[in-house]
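A short write-up of the structure that comes next.
Just so it is clear, none of the values below were taken in a lab; they were calculated from the coordinates. These numbers were taken from a predicted model, which means no experiment stands behind them. In this analysis, Cβ positions are derived from the backbone assuming ideal geometry, glycine residues included, and neighbour counts consider all displayed protein chains.
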Amino acid sequence: MAISNQTLKKIVLKNNITDENNLKRLEVQSDRSNIPLSRLLIAEGLTTQQQLLEFISKFLNLPIFDPTIEPLKPEVVGVLPELVARERQVLVFNRDTAKNAYKVAMADPTDIENINYLKEYLKAEIEPHLTSNESLRLGYQLYKRMSSENFETVISAKVNAIKTSLKDVEENILENIPLVELLDTIIGYAATLDASDVYLQPEEDFLKIRFRVDGLLRDMISVDRSINEGLVARIKTLGGLRIDEHFKPQDGRFRFRSSDIDLDIRVAIMPTMFGEKTTLRLLAGVHNFLTLEELGMNQNDIIKFQKVIKRPHGMILSTGPTGSGKTTTIYTTLSLLNKPEIHIITIEDPIEYIIPNVSQTQVNQQAGVTFANGLRSILRHSPDIIVVGEIRDSETEEIAINAALTGHLLISTLHTNDAPSAIVRLIDLGAQPFLIGATLNAVIAQRLVRRLCPNCRTAYQPDSAIIQKLENDLKSFNKKIKIPEKLYKGEGCNLCHNSGYQGRIGLFEIFLIDEKVKTLIASQNINIDTLNKIAQDQNMTSIFEDGINKASKGLTTIDEIIRVMTE
C-alpha cells in the first residue's frame, strides 16, 4: 500500500488504531528505517494487513483486489508491459469489453496522475482497486513465468554457442560472452522462481542444473558436461576465488544485479568425481522487512511475541531444524527492535542479510573469530541487544547466559524439534538449571511449509477415505487433531509452475517461560512430558495445531504439514 501518510494518518485516527503520540513515534521510525508507516502499524500488532486494507477501502470507497477470489490470467495481465506495471505499482487483472474498461489493482488508487496515464496508455477507462504489496508481487511473478517458459530452449542455444566459441577456458573465460550470458540466464531464471539455491552438479555424461524452490529440489535441465569448467571459472572470478585451485573446497560471495533483480549470492565449490560442483545460495542483499503476520504467526502468538521482545533483558531462542526459517524470524525481530535509542550487535555464520543501523560480525574460524570469543568482544561495546547466530557449545551457552543476566536482551537459535525441548537441550549443553530459569524469556519453534497458490487454490470436502488416511498419518505423531470439514488444494497454473504451491509460510509455537516453568526448572525434576503439560496449560498452539489451522484457511495442505514434520 502506497497511499500518502497524510491519508493513512486520518484513517488510523478515525478507526482508533492507535493514538496521536504513538503515531508520531511510528512516523519518526518510518523515516529513519525507510519502512512504510503501514507496515510498521502491522508489525507493532496494532492492526492486521487485511483490517488495514478494509479500513482504507471503506475510507476511499474503493473495492479490494484479492487474487484468491479473482485469479490472474496471463492474457489480461500482459496488456500492460512489466516495466510499466512495476514502475507504476499497478496490475491489470480484469477487462470489461462492453464498457471498454480495465480493472486495475493499484498500490495507491488515489493517484489521479497514474490513473490518467493508464487511461491514455490502454485507451480505455480505468476502474481502480486497492491491493496489497503481496498481491502485486504475485502478479509480477506471472510476468516472469510468461517470459521464462522457453528456459530449456534458451539454455540449449547458449550451450551450443559456448561450445563453438570457447576453445581454451583459462584464456577466454573473462571474454566469453555466451558463457557470461548463460550464467546470468540461470541465475535470473532461478530468481523468477524464487529459488533459494542453484546447483551445478557434474555427472559422468552431463552437467545437471538443479534449483531448490520452496524447499524442494527440482531438476531443471541437463547439458553438456564440457561447459562446467567454464561456468566454475566464471563463478570463481566473480566470487574472488582461486581459478587454478581444483582440489580443495572454496567459499565466496558476489553481488548479482540486473534490471529488476538485486541478489547477494553465496558460493560453495567442492571437488567431486566428475568435476567441481557449485552451489549458489541466492539471498536478498538487504533484508526485506517482513511483519510477523507475513511470516505466518497467528494473532495470539503475535501478541505474546510482542510482549516478550519488549523486555529489556533476558534470552529468546528460536528453534527448529536447518532450513526452518529461524534466521528470517530473527531478522524480522531485529527490524522491529531497530530504533534510534537501541544499540544492536550481531555475530553470525554467515551474515545472510544486511540490516541498516545494526553492527553485524561474521564468524571467521581462520582469524579466530568464533561465536564464543566474538560474543566476548561484543560485550565490551555495551550493546542493548545481542544476536548470536547459534548456540552450538557449552562455552557459547555460558557467555550467552551471562550476557542475558547482566542487562542485555540476547537472541539466538538452537537445534531442537519443538519449543519445550530447548530447556532440556540447554541443560545437556551444561547450563545450570537455575540460570536458565533466571534468563530465558521464551522459546519459538517453527517449520516452513509450502503455501498454496492463491491463483489456482480450490476448496473441497474430504471424503471418509481421505479423512481416515489423514487421521492415520497423524497417529504416527501421537496427534489427535480433528480434520477440518473443508480443505484446499492447488490445481496448478502458470503462476505456480503447475506445482499448486507458491512461496512458503511458517508454522509456529511459542513457549513462554512463566513462573510454573521456572519452578519446574528450579526443582531440577525436568522432563519433556511435564514441560509439554505446562505448554498445554499455557494454551500454547503447537506447530501441528498451527498447521491444521492454516490448512483449514487454505494457506497450505495437511499433506504438506506431514511432509515437513517427517523430514
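Straight Cα distances below 17 angstrom link LYS236 to the lysines LYS248, LYS277, with same-chain residues fewer than 8 positions distant left out. Near the amide H of ASP108, within less than 5 Å, lie the amide hydrogens of ALA2, all on another chain or at least 5 residues away, with H placed in the peptide plane. Its Cα gyration tensor gives segment 514-567 an equivalent ellipsoid; the semi-axes, largest first and in whole Å, are 31, 13, 6.
Ranking GLY368, ASN94, PHE55 by Cα position along the charge dipole of the chain, where only Lys, Arg, Asp and Glu carry charges on their C-beta atoms, puts PHE55 farthest toward the positive end.
Given a cut-off of 19 Å, name the pairs among LYS469/LYS533; LYS99/LYS123; LYS482/LYS553; LYS14/LYS310; LYS9/LYS304 whose C-alpha atoms lie farther apart than that in the structure shown. Spell out each step's value before the answer.
On the way: LYS469/LYS533 28 Å; LYS99/LYS123 12 Å; LYS482/LYS553 14 Å; LYS14/LYS310 27 Å; LYS9/LYS304 27 Å.
Violating the 19 Å limit, Cα to Cα: LYS469/LYS533; LYS14/LYS310; LYS9/LYS304.
What FRET efficiency comes out for the pair ASN539/GLU515, r = Cβ-Cβ distance, R0 = 25 Å, nearest 0.05?
Calculated value: 0.95.
Each of ILE510, THR192, GLY490 was scored by the projection of its Cα onto the charge dipole of the chain, and the greatest displacement toward the positive side belongs to ILE510; charges sit on the C-beta of Lys, Arg, Asp and Glu. Remark: the Cα gyration tensor places segment 187-247 in the oblate category, a/c being 1.5 or greater and a/b not exceeding b/c.
When every alpha-carbon pair in segment 256-410 is counted, what percent end up more than 24 Å apart?
Tail of the P(r) past 24 Å holds 40 percent of the pairs.
The helix-only estimate of mean residue ellipticity at 222 nm for the chain, built from DSSP H runs of length n ≥ 4 each weighted as -39500 (n - 2.57), is -12500 deg cm²/dmol after division by the residue total.
A straight chain from THR68 to ALA2 at 0.36 nm per residue would run longer than the Cα-Cα distance by 21.6 nm. Full extension of the segment from LYS10 to ASP251, taken as 0.36 nm per residue of separation minus the current Cα-Cα distance, would add 81.6 nm. For the pair SER377 and THR110, label points projected 7 Å from Cα toward Cβ lie 4.9 nm apart.
With the simple model of a label 7 Å out from the Cα in the direction of the Cβ, SER226 to GLU203 spans 2.0 nm. Checking [x] 24; [y] 12; [z] 15 against percent of Cα pairs over 48 Å apart calculated from these atoms, the matching label is [z]. With a Förster radius of 45 Å applied to the C-beta separation of GLU471 and SER57, the computed FRET efficiency comes to 0.65.
Using a 4.7 Å Cβ-Cβ cutoff, every cysteine of the chain has at least one partner cysteine. The distance linking segment 495-553 with segment 327-371 is 26 Å (Cα centroid to Cα centroid, whole angstrom). If you plug the beta carbon distance of LYS24 and LEU216 into 1/(1 + (r/R0)^6) with R0 = 45 Å, you get a FRET efficiency near 0.45.
Taking the Cα centre of segment 281-368 as origin and assigning +1 to Lys and Arg Cβ atoms and -1 to Asp and Glu Cβ atoms, the resulting dipole is close to 240 debye. For segment 8-164, a crude dipole built from +1 on the beta carbon of Lys and Arg and -1 on the beta carbon of Asp and Glu, taken about the Cα centre, is about 260 debye to the nearest 20. What the phi angles of segment 128-139 give under the Karplus curve with 6.51, -1.76 and 1.60, with θ = phi - 60°, is a coupling list of x, 10, 7, 8, 9, 4, 4, 5, 5, 4, 4, x Hz, glycine and proline written as x.
Once a ≥ b ≥ c are taken as the square roots of the eigenvalues of the Cα gyration tensor of segment 11-62, is the result rounded (a/c under 1.5), prolate (a/b larger than b/c) or oblate (a/b not larger than b/c)? Display every interim value, and only then the final one.
Values: a/c = 1.96, a/b = 1.60, b/c = 1.22.
Prolate, because a/c is 1.5 or more and a/b exceeds b/c.
Which one of ILE302, GLY314, ILE243 has its Cα pushed farthest toward the positive end of the charge dipole of segment 229-315, where Lys and Arg give +1 and Asp and Glu give -1 at the Cβ? Comparing the listed Cα positions along the dipole, GLY314 ranks first.
Placing +1 on the Cβ of every Lys and Arg and -1 on the Cβ of every Asp and Glu, with no other charges, gives the chain a dipole of roughly 940 debye about its Cα centre.
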